[in-house]
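Chemist: Provided herewith is a single structure, encoded as structure tokens, for subsequent inquiry.
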Amino acid sequence: MNTAAMAAITLIGPTNLPLAPLLYPTHAAVGDVDGNGVMDVVVSCRDVTGRLAFLRGIGGGIFAPPELVTVGEQTDWVEIRDLDGDGKQDLLASIRSGYGRMAMLKGLGAGQFAAPVMILAQRNPAGMIVRDLDGDGKVDAALVNYNSASVEIWKGDGAMHFAQSQVIMTQQWTTGIPYPFSIITADFDGDGDIDLATASIGGSCISILRNLGSGFFAEGQTWWAPPVGKETVSIANIAASDIDQDGDIDIISNGLLLLDANVTVVWVNDGAGNFSQKIIRPGGPDGYAWTVNAADMDNDGDDDVLMGSALPGKLTIAEVAGNEGGSFVHVASKLGGSFLRDMTLVDIDNDGDRDVVAVDIAAHNVMIYRNVAGGVADDPPGQPSGGLPHFKNGSAASQWLAQWENDQGSIAGEIPAVCGPGAGLCEEPHDTPGCIRTLCCEAVCKFNPLCCEFEWDQACVDAENDLCDDFNCPSAGACDAFHAGPGCENEACCGFLCDFDPFCCYSIWDETCVRESSVYCGATACSIGHNKNAIELLEVCYQRIDEGCNRVDGGSIAAECGRIYESTITTDSPRDTDWFRLDALGCASVVVSFETEFPLLALVVNGPCDGPLEVRQAFEVEPCSSGSITVGNSPQGWLVLSAGNLDRVFRGSFPCDIADPADPPPGPDDPPFVPGFFGLHYRASFSAVVIGDINGDGHVDGNDLSALLSGWGGSGPADLDRNGTVDGADLTTLFSNWG
């Protein structure tokens, strides 16, 4: 008889611990904060007054009324750690804002904390990992940044100082914005180092960032969520577990669907940290699938899965048979309020089994589900909440839920919660309410409240054109220097860049704004003309061809040696990408030379579409200039071209200019045709690499021989076989390709 099937997971409750109405809880960290031997709870909160909630444990899973800890900013995550080795618990929190930061609060003992110390991070941090990532015995941190689409690694020195060691971009090749939201850690590839995994709402992907040793991480390897029927599964949260008990760490994610019942996705580890196999399991019966976690709840030796939903909030418990490949043998649900945003599985009452500490962001509650012996029955089905926006797909629903601050659409009746980081662009229609430029969004929604209640439609875009021209330009601060305020003092540069990168005018003038202003401000529009030998890849307005792995039917271009290709880029929703296959070159390697009228981002991506996809090279070309990279023939290689730079991908400002005579834009779902500043055309020339052509003039001759002899015994470009030394083997290669 299956012991897992006989085991009983019995959760009673929830016991609701109410927070103040302005506190929108996002995560509960559990630990003995005040040093009395009893578990306490610290709760990160989206709160306009910038406070955390601290609930002192009394014992037996009972807590005193919440105390408030001032941070000064909204927080999306908090961890309890002794950051300086003094035996007192400190706090490290991620600050939820475009002006991203980490807040350190030194523990003074007895649950008291010093004033926060802020560390500047990238745009809109969401999830956080606080662990010893490099094995030096000191606590480090990893942030996943929702708007920057990046992971930041911060090395700690054991004395409450952190230094940024690495920034890793996520899924630069996606059509949309990835919106990475959650981050977890485990040794996924079994090499003894702690790796990282992230989940992306916009891309429906997970990515594994392998620890290469000493806390340095490789570029992410990405796998897509499987479709269910004709619908793409949207994921927001992930958990690590050896769910099938085969000795390696798998990943479990939520699976939000609009047309079918929610699911749980089990991403099966092949033992080497690859996740090509995915299994669809049952999910919660009601609401929008949102959070997920895993632990051995019934003490039978294998992990069980818990899932939380939104609108209505339900807690779903799946008992797992690990010896049957991680199958779900019993699934039960309990009522859970409105929106279970996050849950922590920990023994809160010291009785030897794990309980559930959950947070309800909509109802302002911390909820305790106590794990006790006995049987459990399903609670009656909940009823979906009414008055919700109409969502086009699961990803749009997840993005809306990720920005939740108030079910009435405002914070304390002031700034609409749907305005700001994570919302859509103000200058583009989208099927979720609000837009990203806070001041502009407020002005438009005051004029037309429907824009912040239902969707940002064409009427909202029209209002943006009328109302949002003059926000934050000019402002104090040089355009070529970082400053902690929006806009800059040069009105022309500020106005141009704020249309191009709205973050620079609603948050701070960060290092990305500084770099972009130095490149793009004062630029002159240009035309690269037409090369009569080029193959034209015409893109009719909004058809999005050659999208490669971004669409099942997206198609791609079989790049060939000696060919020249010309095409256009359009990044009105959704973003346009062009994928060139590198398995049809007909030569070993090529130099790809680019000419472009717009900021061009070139990525060399390896892997099958289903995953793992991995960026091997990233290269940017400034507008009205040229550049080149060398790429090799690869059976699963891609050259992906789009608008962007190494800091971010671009959406907007590049409208389509090739109309389909049979179906001219704009259609009902098309953005209006508004010319942008930059041109739309690029040219990519694929020239075969000649082995032995050291000076790159296209011929192997005496000049190359002289270069080889001059470098004899050393290394460098004359080391043709890349063995580290210019020697006789290189001379033989050169003579074999002479002429």
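The values are calculated or read from the model by the stated rules, or taken from the named source; none is laboratory data. Quick caveat: nothing in here was measured; it's all calculated off a predicted structure. All Cβ positions, even for glycine, are placed from backbone atoms using ideal geometry, and neighbour counts span all protein chains on display. In case anyone asks, the SASA skips ligands and DNA or RNA and just uses the protein heavy atoms, side chains included. Shrake-Rupley method; radii C 1.70, N 1.55, O 1.52, S 1.80 Å.
Chemist: Go through (1) more than 19 Å from Ser327 (Cα to Cα); (2) surrounded by fewer than 22 Cβ atoms within 10 Å (Cβ to Cβ) one by one and return the number of the condition Val228 breaks.
Modeler: (1)
Chemist: Oh, and also: Being within 20 Å of Ala358 (Cβ to Cβ) and either touching a residue at least 12 places away in the same chain (Cβ under 8 Å) or not in a strand (DSSP E or B) (or both), is that true of even one residue in the stretch 79-87?
Modeler: Yes, the conditions are met somewhere in the stretch 79-87.
Chemist: A further question on this structure: Which of the following residues is open to solvent by 10 Å² or more (accessible area, probe 1.4 Å) and either at pLDDT below 90 or of a type outside the set (A, V, I, L, M) (or both): Pro116, Pro180?
Modeler: Pro116
Chemist: Next up: What are the pairs, 6+ residues apart or on separate chains, where a residue within the stretch 728-739 that is under 11 Å from Asp704 (Cα atoms) has its Cβ under 7 Å from a residue that is outside any helix (DSSP H, G or I) and open to solvent by 90 Å² or more (accessible area, probe 1.4 Å)?
Modeler: none
Chemist: Out of (1) touching an Asp or Glu at 6+ places or on another chain (Cβ under 9 Å); (2) within 28 Å of Leu345 (Cα to Cα), the odd one out for Ile206 is which?
Modeler: Ile206 satisfies all of (1) touching an Asp or Glu at 6+ places or on another chain (Cβ under 9 Å); (2) within 28 Å of Leu345 (Cα to Cα) except (1).
Chemist: Checking Ala236 against (1) over 19 Å from Gly287 (Cβ atoms); (2) within 18 Å of the chain's Cα centre (by Cα); (3) open to solvent by less than 20 Å² (accessible area, probe 1.4 Å), which test does it fail?
Modeler: All conditions pass for Ala236, except number (1).
Chemist: Hey, among the residues in the stretch 428-457 that are within 22 Å of the chain's Cα centre (by Cα) and at pLDDT below 80, which one's surrounded by the most Cβ atoms within 10 Å (Cβ to Cβ)?
Modeler: Arg437
Chemist: Tell me, yes or no, whether the stretch 270-281 has at least one residue that is aromatic (Phe, Trp, Tyr) and not in a loop (DSSP other than H, G, I, E, B).
Modeler: Within the stretch 270-281, none of the residues are aromatic (Phe, Trp, Tyr) and not in a loop (DSSP other than H, G, I, E, B).
Chemist: State all residues of the stretch 220-236 that are in a loop (DSSP other than H, G, I, E, B) and either closer than 15 Å to Asn274 by Cβ or free of Cβ contacts under 8 Å to residues at least 60 places away in the same chain (or both); if no residue qualifies, say none.
Modeler: Correct list: Gly220, Ala225, Pro226, Gly229, Lys230.
Chemist: Taking the stated definitions as given, is Gly107 within 18 Å of Val357 (Cα to Cα) and open to solvent by less than 20 Å² (accessible area, probe 1.4 Å)?
Modeler: no
Chemist: With (1) open to solvent by less than 90 Å² (accessible area, probe 1.4 Å); (2) part of a helix (DSSP H, G or I); (3) not aromatic (Phe, Trp, Tyr) as the list, and Asn703 as the residue in question, which single condition is left unmet?
Modeler: Single failed check for Asn703: (1).
Chemist: If a residue must be surrounded by 18 or more Cβ atoms within 10 Å (Cβ to Cβ) and either free of Cβ contacts under 8 Å to residues at least 40 places away in the same chain or basic (Lys, Arg) (or both), how many such residues does the stretch 460-497 contain?
Modeler: Residues flagged as surrounded by 18 or more Cβ atoms within 10 Å (Cβ to Cβ) and either free of Cβ contacts under 8 Å to residues at least 40 places away in the same chain or basic (Lys, Arg) (or both) within the stretch 460-497 amount to 18.
Results for (1) of a type in the set (S, T, N, Q); (2) modelled with pLDDT under 85; (3) in a helix (DSSP H, G or I); (4) open to solvent by less than 70 Å² (accessible area, probe 1.4 Å), shown as yes or no for each residue.
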| site | (1), (2), (3), (4) |
| --- | --- |
| Asp670 | no, yes, no, yes |
| Gly679 | no, no, no, yes |
| Ala684 | no, no, no, yes |
| Gly714 | no, no, no, yes |
| Ala729 | no, no, yes, yes |
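Chemist: Now for a different question. Kindly check whether there is at least one residue in the stretch 568-577 that is in contact with a Ser or Thr (Cβ under 8 Å, 6 or more places away or on another chain), crowded, with 22+ Cβ neighbours inside 10 Å and of a type in the set (D, E, K, R).
Modeler: Within the stretch 568-577, one or more residues are in contact with a Ser or Thr (Cβ under 8 Å, 6 or more places away or on another chain), crowded, with 22+ Cβ neighbours inside 10 Å and of a type in the set (D, E, K, R).
Chemist: Ok, one more. Name the residues in the stretch 599-620 that are in contact with an Asp or Glu (Cβ under 8 Å, 6 or more places away or on another chain) and of a type in the set (A, V, I, L, M, F, W, C), would you?
Modeler: Of everything in the stretch 599-620, those that are in contact with an Asp or Glu (Cβ under 8 Å, 6 or more places away or on another chain) and of a type in the set (A, V, I, L, M, F, W, C) turn out to be Leu600, Leu601, Ala602, Val605, Val615.
Chemist: Sort out which residues of the stretch 185-199 are among the hydrophobic types (A, V, I, L, M, F, W, C) and crowded, with 23+ Cβ neighbours inside 10 Å, and write them in order of number.
Modeler: Phe188, Leu196, Ala197, Ala199
Chemist: Right, another one. For the condition free of Cβ contacts under 8 Å to residues at least 60 places away in the same chain and surrounded by fewer than 16 Cβ atoms within 10 Å (Cβ to Cβ), what is the one hit in Gly522, Gly562, Gly554?
Modeler: Residue meeting the stated conditions: Gly522.
Chemist: Which residues, counting only those in the stretch 88-116, are in a strand (DSSP E or B) and closer than 21 Å to Val151 by Cα?
Modeler: Of everything in the stretch 88-116, those that are in a strand (DSSP E or B) and closer than 21 Å to Val151 by Cα turn out to be Leu91, Leu92, Ala93, Ser94, Ile95, Arg101, Met102, Ala103, Met104.
Chemist: Shifting gears a bit: Being in a loop (DSSP other than H, G, I, E, B) and either surrounded by fewer than 21 Cβ atoms within 10 Å (Cβ to Cβ) or free of Cβ contacts under 8 Å to residues at least 60 places away in the same chain (or both) is the filter here, so list the residues in the stretch 314-337 that pass it.
Modeler: Passing the criteria: only Gly325.
Chemist: Same structure, new question: Cβ-Cβ distance below 8 Å, separation of 6 or more or different chains: which pairs start in the stretch 105-129 with a residue that is touching a residue at least 12 places away in the same chain (Cβ under 8 Å) and more than 28 Å from Ala240 (Cβ to Cβ) and end on one that is assigned to a strand (DSSP E or B) and aromatic (Phe, Trp, Tyr)?
Modeler: Going by the 8 Å Cβ cut-off, the qualifying pairs are Lys106/Phe113; Gly111/Phe54.
Chemist: Just to be sure I understand the filter: pairs with C-beta atoms under 7 Å, separated by 6 or more residues or on different chains, first member in the stretch 164-176 and under 14 Å from Glu614 (Cβ atoms), second member acidic (Asp, Glu) and surrounded by fewer than 23 Cβ atoms within 10 Å (Cβ to Cβ). Which pairs pass?
Modeler: Final answer for the pair search is Ile168/Glu219.
Chemist: Take the stretch 285-301 and flag every residue that is assigned to a loop (DSSP other than H, G, I, E, B) and either among the β-branched types (Val, Ile, Thr) or open to solvent by less than 10 Å² (accessible area, probe 1.4 Å) (or both).
Modeler: Met297, the sole residue that qualifies.
Chemist: Let me ask something additional. Which residues, taken from the stretch 133-181, are closer than 24 Å to Asp501 by Cβ and among the aromatic types (Phe, Trp, Tyr)?
Modeler: Tyr146, Trp173, Tyr179, Phe181
Here's the yes/no breakdown for (1) within 18 Å of Leu105 (Cα to Cα); (2) modelled with pLDDT under 90; (3) within 25 Å of the chain's Cα centre (by Cα):
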| position | (1), (2), (3) |
| --- | --- |
| Asn16 | no, no, no |
| Leu22 | no, yes, no |
| His27 | yes, no, yes |
| Asp34 | yes, no, no |
| Val38 | no, no, no |
| Val43 | yes, no, yes |
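Chemist: Which one is surrounded by the fewest Cβ atoms within 10 Å (Cβ to Cβ) among residues in the stretch 135-153 that are under 17 Å from Gly98 (Cα atoms) and either without any contact (Cβ under 8 Å) to a residue 40 or more places away in the chain or among the acidic types (Asp, Glu) (or both)?
Modeler: Glu152
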